[in-house]
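One structure is given here, and the rest of the page talks about it.
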Amino acid sequence: MTEGGESERFDISVTTPAGPVTVSVDVPAYFVPIASIVPSMRRMGEAAQALEERRVVAQGSAVSCKKGCAACCRMLIPVSAPEAFALADTINTWPADRREATLARMADARARLEQAGVLSHLREVAASERQLGDDAFEPINRAYYALRLPCPFLVEESCSIYDDRPAACRELLVTSPAELCQDLERNPVSPLPVPLRIGTVLALLWSDLGGGPARFIPLPLALEWAERHAQEGARSWKGRELLERALDKVWWYLSREITARQPAAHGSSIPGQGIPQP
Ligand code: SF4
């Protein structure tokens, strides 16, 4: 650990199912909102994911996901509350024209979802005070995917928030041929195992800090949810306390994943979040 004026640097080491990961994290000495923990948690998840990719390459396989292939950007992306707040913060820094164009695409997406009778289910998920497991998401995921609705952040088949995209998007990688992803319901695709689901870690952290279930918000509703809960998003914690509580969730997740990792976890074409069951 090194100490600086207003922040401390910690080297955090964790053992993931893909191998040991160490990331350096700058932790503010002052009070910060929940969204501030999101970038360092994502870096930890990406470091673990990189190990998983290396393992796959060593076995003679390769990740087939490439820039310009956005087949998975038609799936329902679940976003944890801290990520929803972080996304709202990012969008609020954009120039007005970019922000308005994005909000208009979000509104279009919601209109299409409403027309298809899916929006009310997504709103129930976002507002649920009950812990929903992967099984509760399954029919909603399927109904959503059947629409092949492009993500509101997809512009000319490229992610317009690539550096700020949710953890769930970062974790969706396959080793099967890319063309199979055009129909995830019919085709047997091979998703890369996810050693550390950061969206789940952040959802658990928010549940711990704010009460309620480990909540996932469907991406098209993330900004309106963050706006509605802006007061909660503005609460703050000492940087170090926030990190320690986030790491508690990381360790909880990893201990569970290391012991429970089994083939069934990689078998579904439309992956879940490994949400704790009620
Ligand atoms: S946020 Fe980006 S990567 Fe994720 S689904 Fe939307 S366009 Fe695709």
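The values are calculated or read from the model by the stated rules, or taken from the named source; none is laboratory data. Nothing here was measured: the structure is a model prediction, and the numbers come from that model. Backbone-built Cβ (ideal geometry, glycine too); neighbour counts: all protein chains shown.
In this structure, Ser190 does not satisfy being within 27 Å of Ala47 (Cβ to Cβ), under 19 Å from the mean Cα position of the chain (by Cα) and among the polar types (S, T, N, Q).
Across the range 103-116, the number of residues qualifying as more than 12 Å from Pro218 (Cα to Cα) and touching a residue at least 12 places away in the same chain (Cβ under 8 Å) comes to 5. Yes or no: the range 228-240 includes at least one residue that is among the aliphatic types (A, V, I, L, M), surrounded by 24 or more Cβ atoms within 10 Å (Cβ to Cβ) and in contact with a helix residue (DSSP H, G or I) (Cβ under 9 Å, 6 or more places away or on another chain). No, the range 228-240 contains no residue that is among the aliphatic types (A, V, I, L, M), surrounded by 24 or more Cβ atoms within 10 Å (Cβ to Cβ) and in contact with a helix residue (DSSP H, G or I) (Cβ under 9 Å, 6 or more places away or on another chain). For the residues Pro39, Pro28, Pro20, Pro33, the requirement of being within 16 Å of the ligand (Cβ to nearest atom) and of a type outside the set (S, T, N, Q) singles out Pro39. Those helices (runs of 4 or more DSSP H) of the range 87-157 in which 1 or more residues are of a type in the set (Phe, Trp, Tyr) occupy 134-147.
For the range 158-178, taking the residues that are outside any strand (DSSP E or B) and of a type in the set (S, T, N, Q), the one that is nearest to Leu204 (Cα to Cα) is identified as Ser160. Test Cys151 against the stated conditions and say whether it is closer than 24 Å to Leu205 by Cα, within 16 Å of the ligand (Cβ to nearest atom), buried (at least 19 other Cβ atoms within 10 Å of the Cβ) and within 17 Å of the chain's Cα centre (by Cα). No: the conditions fail for Cys151. Cβ-Cβ contacts under 8 Å between residues 6 or more apart (or on different chains), taken from a first residue in the range 153-166 that is of a type in the set (Lys, Arg) to a second residue that is near the ligand (Cβ under 8 Å from one of its atoms), are listed as Arg165/Phe153; Arg165/Cys159. Looking for whichever is within 16 Å of the ligand (Cβ to nearest atom), within 29 Å of Ala127 (Cβ to Cβ), at pLDDT below 95 and surrounded by 12 or more Cβ atoms within 10 Å (Cβ to Cβ) here; the options are Cys72, Cys65. Which one fits? Step by step, each of Cys72, Cys65 is checked, and only Cys72 is within 16 Å of the ligand (Cβ to nearest atom), within 29 Å of Ala127 (Cβ to Cβ), at pLDDT below 95 and surrounded by 12 or more Cβ atoms within 10 Å (Cβ to Cβ). When you check Ala167 against the structure, is it among the small types (Gly, Ala, Ser) and in contact with a strand residue (DSSP E or B) (Cβ under 8 Å, 6 or more places away or on another chain), yes or no? Yes: the conditions hold for Ala167.
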